Amino acid sequence: MLTAVVGVNWGDEGKGRMVDLLSRDYDVVVRYQGGNNAGHTVVNEYGKFALNLIPCGIFREGVLNVLGTGMVIDLEHIKNEIEELRHRGLKITPDNFRISEKAAVCLPYHRLLDELEEDRLGKGAQGSTRRGIAPAYSDKYYRKAIRVGDVLSPETLEAKLLPVVGFKNALLRGYGAAEITIAETAAWLLENGSFLAPFICNTEKLMDEAAEQGKNIMLEAQLGTLRDLDFGIYPYTTSSNALAAYAPIGAGIPGRRLDRVIGIVKAYSSSVGGGPFTVEMTGDEAEALREAGGEYGAATGRPRRVGAFDVVASRFGVKMQGASSLALTKLDVLSYMDKIPVCVAYDINGVRTTDFPTGDELEAAKPVFEYLPGFCTDISKCRSLDELPKAAVDYVRFIEKAVGAPIEYISVGPERGDYMELPKVL
Ligand code: GDP
């Protein structure tokens with residue numbers, strides 16, 4: 001079985017905790033896009049982790065975790081992440097972890113150029129995490145990337161770097177910044193590359209063998225629909241495709257093998273970085289939700305923007321992902337609300353719509369709210385629908401109907417066991 005686990009919203013839906021949970025039934029977990037610019041939080045018997053690059057199946061014995069070709073990988077960051085996880089008692093060997101030789105490398109000059117460009121933009125900055133992800137993807141599409149497998153051939157590395165470093169220096173001169181050298185860049189690649197060499201391989205071959213053997217493979221997204229490079233809120237998107245349709249490409253496995261798409265949807269909204277966020281709360285209302293949900297970035301610590309559940313954006317998210325079922329996360333966070341706001345439509349210049357708009361129309365959208373009764377009680381110990389208060393079940397049913405896909409799981413706390421599985425009839 002091939003399953004994609006994807007974010008329906010703006011990211012930070014709780015994909016990591018669901019991958020950690022559901023990977024119990026899988027043999028392989030593959031990250032298919034993005035870099036170390038976001039983090040998945042996992043809380044389990046090993047402790048609390050914020051994984052930037054390593055797939056969240058790493059905690060399961062016998063699961064092979066793969067960094068797919070669709071990613072951009074900062075070799076220094078992945079080395080540090082491996083060392084940190086080992087330090088915390090996890091076993092990471094080529095038996096349970098591999099890196100695609102064809103993934104693009106995110107280098108120090110990408111970080112530098114990310115910084116320089118954000119600084120140049122000043123107030124109009126894109127809100128980049130400044131980890132070099134956009135410059136690294138740009139190089140990939142410009143066909144100027146160093147790929148992970150290149151570090152295995154030191155004898156040809158300098159020749160590959162020659163045109164790239166020249167190009168980077170032309171840019172750096174434009175910014176008035178110090179130039180870089182081939183020697184320092186090669187040294188960085190070789191130093192980190194020698195540590196990573198045992199993990200680097202042809203991962204599409206691994207995928208093919210696993211699929212042919214009938215193994216269960218999970219494809220793990222990094223961000224949500226609305227940050228997808230093509231279909232998200234461009235230009236406030238990430239620099240890669242987060243959609244499930246891209247997952248097989250980023251993992252190196254034929255699209256026809258995809259059986260199932262589990263959309264992770266949060267019981268309310270949050271967003272990191274810039275761009276329109278129609279349901280955004282402000283002041284005390286926002287502070288209360290941010291505190292209740294612990295809405296601070298896993299990779300950056302930045303406070304997240306928060307808001308009510310957005311039916312318009314989430315239904316678009318479900319459709320674009322082709323979600324066959326959903327996991328509704330963080331329902332417990334809403335326990336403090338007397339009445340729960342839900343954005344059911346947008347008002348755009350006096351016209352009501354339930355179609356998710358783009359561009360200037362989205363900038364002009366105002367939320368139209370309905371209010372559902374709050375459940376006003378701690379639900380974090382509930383393990384079945386029967387144990388949930390009626391108002392919570394009503395909220396779940398409302399969302400399911402509004403976004404148009406069945407809810408299969410509900411999570412009510414950050415720990416692995418804090419969830420319930422729903423009967424298919426809901
Ligand atoms: P991801 O990038 O989609 O994996 O999400 P993040 O890790 O950035 O953010 C999710 C946050 O919510 C993490 O801090 C999780 O520990 C936490 N979390 C996940 N599921 C639940 C839940 O059901 N209830 C609560 N209270 N916290 C949760």
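The values are calculated or read from the model by the stated rules, or taken from the named source; none is laboratory data. Every value quoted in this text rests on a predicted model; they were computed, and no experiment measured them. Here the Cβ positions follow ideal geometry from the backbone for every residue, glycine too, while neighbour counts run over all protein chains shown. The protein model used for the area step is the full one, side chains on, heavy atoms only, and it has no ligands, DNA or RNA in it. Shrake-Rupley method; radii C 1.70, N 1.55, O 1.52, S 1.80 Å.
Looking only at residues of the range 397-426 that are open to solvent by 20 Å² or more (accessible area, probe 1.4 Å) and aromatic (Phe, Trp, Tyr), we find that the one that is farthest from VAL261 (Cα to Cα) is PHE398. Answer with yes or no whether ILE82 is in a strand (DSSP E or B), under 25 Å from LEU219 (Cβ atoms) and of a type outside the set (Lys, Arg). The answer is no for ILE82. Within the range 122-133, being open to solvent by 40 Å² or more (accessible area, probe 1.4 Å) and under 20 Å from the mean Cα position of the chain (by Cα) holds for GLN126, ARG130, ARG131. Note on the range 39-63: residues that are surrounded by 24 or more Cβ atoms within 10 Å (Cβ to Cβ) and either farther than 20 Å from GLU13 by Cβ or in contact with a Leu (Cβ under 6 Å, 6 or more places away or on another chain) (or both) total 1.
Filter the range 146-158 for residues that are assigned to a helix (DSSP H, G or I) and under 29 Å from the mean Cα position of the chain (by Cα); which is surrounded by the most Cβ atoms within 10 Å (Cβ to Cβ)?
Of the range 146-158, the ones assigned to a helix (DSSP H, G or I) are 148-152, 154-158.
Retained after the next criterion (residues that are under 29 Å from the mean Cα position of the chain (by Cα)): 148-152.
Working: VAL148: 29, GLY149: 18, ASP150: 18, VAL151: 24, LEU152: 16.
Filtering the range 146-158 for residues that are assigned to a helix (DSSP H, G or I) and under 29 Å from the mean Cα position of the chain (by Cα), the one surrounded by the most Cβ atoms within 10 Å (Cβ to Cβ) comes out as VAL148.
Scanning the range 378-412 for residues that are farther than 11 Å from LEU328 by Cβ, in contact with a helix residue (DSSP H, G or I) (Cβ under 7 Å, 6 or more places away or on another chain) and of a type in the set (A, V, I, L, M, F, W, C) yields ILE379, LEU385, VAL393, ALA402. Where helices (runs of 4 or more DSSP H) sit wholly within the range 159-254, those with at least 1 residues that are under 26 Å from the mean Cα position of the chain (by Cα) and of a type in the set (Ser, Thr, Tyr) occupy 203-212.
Every condition in (1) open to solvent by less than 40 Å² (accessible area, probe 1.4 Å); (2) in contact with a strand residue (DSSP E or B) (Cβ under 6 Å, 6 or more places away or on another chain) holds for THR354 except the one numbered (1). Listed by position, the strands (runs of 3 or more DSSP E) inside the range 358-426 whose residues that are under 17 Å from ALA313 (Cβ atoms) and not β-branched (Val, Ile, Thr) number at least 1 are 365-373. Taking every residue in the range 195-214 that is within 10 Å of VAL28 (Cβ to Cβ) and pairing it with any residue that is in a helix (DSSP H, G or I) and open to solvent by less than 80 Å² (accessible area, probe 1.4 Å), at least 6 positions away or on another chain, the pairs with Cβ-Cβ distances below 6 Å are ALA211/ARG257.
Taking the criterion of being open to solvent by less than 10 Å² (accessible area, probe 1.4 Å) and either assigned to a loop (DSSP other than H, G, I, E, B) or among the small types (Gly, Ala, Ser) (or both), the residues of the range 12-38 that qualify are GLU13, GLY16, SER23, TYR32, GLN33, GLY34, GLY35, ASN36.
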